[in-house]
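A.B. asks: This is the structure I want to talk about, given as C-alpha cells.
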Amino acid sequence: MKWVTESRPHVDRCASAWFIQRFVDPKADFRFVNRGEEVPDDCTPYDLPSVPLGHKGSRVTFDAFLAKYPRRDRALARMADLVRDIDLGGFRLTESHGLDTLLFALLLAEPDDQAVLRLTHVLFEGLYRYFGGAERPS
C-alpha cells in the first residue's frame, strides 16, 4: 500500500510509519505532502488534519493505529505513552527529552524524508525491544 503523511516527519509520524511497516504493511510505500497539499487518491493518509488515522483530542496518530490494529503488547503501550508525551509536549517521561532531541537533530542533518524514516525505523525497533517487545520472527 501507499501511505502518505506530511513532510519532515517527527515523533508521531515516524513512530506510526514504524508501526505500519512492522505490524500492518511490511512493504509499505511512504509518500510525503507539504502542508495544505492534496493527498493522492491512491494513498492512505495518516497524521494529517481531519483523517481517521490522525489526532483526536489527547490521542495521537500512534494511538489511532493501536485502536485500528489492536495488539495486546505492553511495549507498544509504553511507546504510545512516549510518543504522546513528546507530541503533545508533556515531557514527563525520562526518555522524552532525549528522543525528541535525537529526532530534531536527525531532521537537521538529513534533508531526505525517506532517509529519516529508514533511520527512525531502526530507532523505534530498538525502543520496542528495549520496552520488552518481541523480535521479528525469522
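A.B. asks: Between Lys68 and Lys56, 0.36 nm times their residue separation minus their Cα-Cα distance comes to what?
C.D. replies: 3.0 nm
A.B. asks: Suppose only helical runs count, i.e. DSSP H with n ≥ 4. What mean residue ellipticity at 222 nm does that imply for the chain under -39500 (n - 2.57) per run, divided by all residues and rounded to the nearest 500 deg cm²/dmol? Each step should come with its number before you reach the end.
C.D. replies: Numbers: 5 runs with 63 residues, N = 138.
About -14500 deg cm²/dmol.
A.B. asks: Normalised by the number of residues in the stretch 2-130, what is the relative contact order in percent for Cα pairs under 8 Å and 6+ residues apart?
C.D. replies: Relative contact order for the stretch 2-130 comes out at 31 percent.
A.B. asks: Working out 0.36 nm times the residue gap between Asn34 and Phe104, then minus their Cα-Cα distance, what length gain in nm do you get to one decimal?
C.D. replies: Working: separation 70, 0.36 × 70 = 25.20 nm, distance 1.80 nm.
So the chain would gain 23.4 nm between Asn34 and Phe104.
A.B. asks: Mind listing the Cα extents of the stretch 1-123 along all three principal axes, in Å, largest one first?
C.D. replies: 40, 35, 27
Read-outs: derived from the displayed coordinates by stated rules, not from any lab. All figures in this text were calculated on a predicted structure; none of them were measured in a lab.
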